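Asks: Take a look at the following structure, please.
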Amino acid sequence: MKLVNPLYHPLAVLAGGIVLVGGVRIAKLNHFVMLPLAAGVATIGAGVIASESSLGAKPKPRSPSVAKELGNLRTQANKLAHKAQVLKTEAQNLLTQSSQMELLGTLQYACDRTTELPQKIEAMAERLHGDDSILSVQELQQQRVTVQKKLAQSSGATQQQLQQLDQSLQRNISLAQQGQDARQAQLLSLSQLIAESAGVLQAMQNQLRSANLAEASQSAELKSLSDELRDFQENLDVLVLT
């Protein structure tokens, strides 16, 4: 048992005081004998109280499947953030002409959003901590409303991304309505979005290294990929922050 300062636990100090008074006044024992004994009682009592308090406050552990999926997400997010930082540095070295500054800014913004992902995953992990933190139907429906609003205003690749996300949320809502834990399904949806973001990031890097960016068409393609990566990050935010 860990030693704890009894002064932080009034009940332990009270117990020590009772032992001291009882020993000296009632049992007529020498106070030099009773002082160490009373201090020992107070210290042991404080340790017991602290142990019980920590046990009572200890959160329930995550289910193994959820913990495993969170570990995978952390690994994916850290790798993606690192690649985004590398790409940002490469872009700063390659896009140096004044006519390329707008493209550089678009690419930097997409990379910066991507490097924020590990912190967002950690914030989400805190909210999902414990077996009693099962996602509710209301939370999932709120996420779906956000996706559908974005879907109504989207087109092309972004619209396809949102349609896939909407389908994932429908499955998760169905799980929650059946009384099942939808957290793992939600984390799998995040994992899929991160994997797709990694694919777009790789395409951006390939384009940056091999394309003739002096040509407007190839610069436009890189900008389109940057916009797509940014859209992925916004869609990830729906699952992570909502």
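Asks: Whether any residue in segment 121-134 is within 20 Å of Glu234 (Cβ to Cβ), of a type in the set (Val, Ile, Thr) and in contact with a Leu (Cβ under 6 Å, 6 or more places away or on another chain) is what I want to check.
Replies: Yes, the conditions are met somewhere in segment 121-134.
Asks: Residues of segment 178-220 being assigned to a helix (DSSP H, G or I), open to solvent by 50 Å² or more (accessible area, probe 1.4 Å) and in contact with a helix residue (DSSP H, G or I) (Cβ under 6 Å, 6 or more places away or on another chain), which ones?
Replies: Gln184
Asks: Restricting attention to segment 100-116, report how many residues are polar (S, T, N, Q), farther than 15 Å from Glu215 by Cα and in contact (Cβ under 8 Å) with a residue 24 or more places away in the chain.
Replies: 3
Asks: Just one of Glu126, Glu102, Glu90 is surrounded by 13 or more Cβ atoms within 10 Å (Cβ to Cβ) and charged (D, E, K, R); which is it?
Replies: So the residue among Glu126, Glu102, Glu90 that is surrounded by 13 or more Cβ atoms within 10 Å (Cβ to Cβ) and charged (D, E, K, R) is Glu90.
Asks: Restricting to segment 221-242, give me the number of residues that are open to solvent by less than 60 Å² (accessible area, probe 1.4 Å) and over 27 Å from the mean Cα position of the chain (by Cα).
Replies: 1
Asks: Tell me, which residue of segment 129-166 that is aliphatic (A, V, I, L, M) and modelled with pLDDT of 80 or more is most open to solvent (accessible area, probe 1.4 Å)?
Replies: If we take residues in segment 129-166 being aliphatic (A, V, I, L, M) and modelled with pLDDT of 80 or more, then Ala152 is most open to solvent (accessible area, probe 1.4 Å).
Asks: Looking only at residues that are over 23 Å from the mean Cα position of the chain (by Cα) and assigned to a helix (DSSP H, G or I) in segment 154-163, which one is farthest from Leu236 (Cα to Cα)?
Replies: Ranking the qualifying residues of segment 154-163, first place goes to Gly156.
Asks: Where in segment 63-153 are there helices (runs of 4 or more DSSP H), lying fully within it, with 2 or more residues that are more than 14 Å from the chain's Cα centre (by Cα) and hydrophobic (A, V, I, L, M, F, W, C)?
Replies: 64-94, 101-115, 137-152
The values are calculated or read from the model by the stated rules, or taken from the named source; none is laboratory data. On a predicted model such as this, the values are computed, not experimentally measured, just so you know. When we count neighbours, we look across all protein chains shown, and the Cβ atoms used for this are built from the backbone with ideal geometry, even at glycine. Just so you know, the surface numbers come from the protein's heavy atoms only, side chains and all, with ligands and any DNA or RNA stripped out. Shrake-Rupley method; radii C 1.70, N 1.55, O 1.52, S 1.80 Å.
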